[in-house]
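The values are calculated or read from the model by the stated rules, or taken from the named source; none is laboratory data. Bear in mind the structure is a predicted one, so any value in this text is a computation, not a measurement. Here Cβ is always computed from backbone atoms with ideal geometry, including for glycine, and neighbour counts include all displayed protein chains.
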Amino acid sequence: MRELKNIEEKILDSALYLFGKNGSLNVPIRTIAKEAEVNVSAINYYFRSKDEMIKNVQRFYIQNTILAYSKLDNEQLSDEEKLILCTNEIMEYALRYPGVLVMQKEATKAGEDEEISREIIDITESLNKKLDRVLKKVIKISENKFTYAKMVFLSSIIYPTSDLNTEDLKNELINDKDKRIEYIRYILNILKNN
């Protein structure tokens with residue numbers, strides 16, 4: 001997960017966070033400014049309009065998503081370690097930015113009408129195919145059962161990072177990197193033994 005370097009990234013970070021908390025892109029500029037601990041004029045200075053800021057949030061989302069999946073390309077790791085580290089990054093990203101699911105939903109809704117939405121959809125699809133290839137190698141399951149195993153795996157990753165679960169689960173298991181990795185290993189072991 002990359003660290004924020006400047007005020008502009010702090011604004012993008014806060015917007016992505018708030019989009020997730022709100023469940024949509026309809027978050028007032030003042031709320032974003034307050035979360036980013038900047039003046040509203042800073043948002044206008046960096047982005048000129050809310051629409052321009054949203055496009056920058058979408059680009060920020062794309063960069064961070066690619067970074068989260070980059071562990072799958074590390075040839076020095078075994079396939080299982082690639083998958084574990086990538087999954088950890090995805091979970092950490094979803095915890096830090098609950099807006100990731102909102103970004104995906106909004107891109108799907110906009111579809112082919114917007115260039116940035118098409119890019120989000122295409123990149124996500126490409127990265128998920130890469131994740132599928134590595135998951136198949138790790139769990140070694142028949143093709144007809146892979147869809148079920150993938151659904152279990154993805155649900156096990158997404159659910160704990162969503163706001164639908166209890167704070168106890170988040171605090172004890174999900175917020176600690178070592179426990180998160182232990183959890184991912186546990187899920188993979190279940191899937192490998194079926």
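Does R185 count as among the basic types (K, R), within 21 Å of N128 (Cα to Cα), assigned to a helix (DSSP H, G or I) and modelled with pLDDT under 95? Working first, answer last.
Details: among the basic types (K, R): yes; within 21 Å of N128 (Cα to Cα): yes; assigned to a helix (DSSP H, G or I): yes; modelled with pLDDT under 95: no.
Judged against the criteria, R185 is not a match.
Please tell me if L77 is surrounded by fewer than 18 Cβ atoms within 10 Å (Cβ to Cβ) and at pLDDT 90 or above. Explain how you work it out, then say what you get.
Numbers: surrounded by fewer than 18 Cβ atoms within 10 Å (Cβ to Cβ): yes; at pLDDT 90 or above: yes.
Yes; evaluated as a whole, the condition is true for this residue.
Please go through (1) at pLDDT below 90; (2) part of a helix (DSSP H, G or I); (3) touching an Asp or Glu at 6+ places or on another chain (Cβ under 8 Å) for D13 and return the number of the only condition it doesn't satisfy.
Result: D13 fails condition (3) only.
Taking the residues in the range 33-77 that are touching a Leu at 6+ places or on another chain (Cβ under 7 Å) and of a type in the set (D, E, K, R) as candidates, determine which candidate is nearest to S126 (Cα to Cα).
Going through the qualifying residues, I end up with K71.
Would you tally the residues in the range 95-113 being surrounded by fewer than 16 Cβ atoms within 10 Å (Cβ to Cβ) and of a type in the set (D, E)?
Looking only at that region, the number is 2.
Among the listed residues N64, N56, N74, which satisfies the condition of being touching a residue at least 24 places away in the same chain (Cβ under 8 Å) and in contact with a Lys or Arg (Cβ under 9 Å, 6 or more places away or on another chain)?
N64
Out of I116, I121, I139, report the one residue that is out of contact with any His (no Cβ under 7 Å at 6 or more places or on another chain) and free of Cβ contacts under 8 Å to residues at least 24 places away in the same chain.
Details: I116 fails: free of Cβ contacts under 8 Å to residues at least 24 places away in the same chain; I139 fails: free of Cβ contacts under 8 Å to residues at least 24 places away in the same chain.
Matching residue, one of I116, I121, I139: I121.
Take residues that are among the hydrophobic types (A, V, I, L, M, F, W, C) and over 13 Å from the mean Cα position of the chain (by Cα) and tell me which of the helices (runs of 4 or more DSSP H) falling wholly in the range 65-178 contain 3 or more.
Details: elements: 79-96, 100-110, 115-139, 143-161.
Result: 79-96, 115-139, 143-161.
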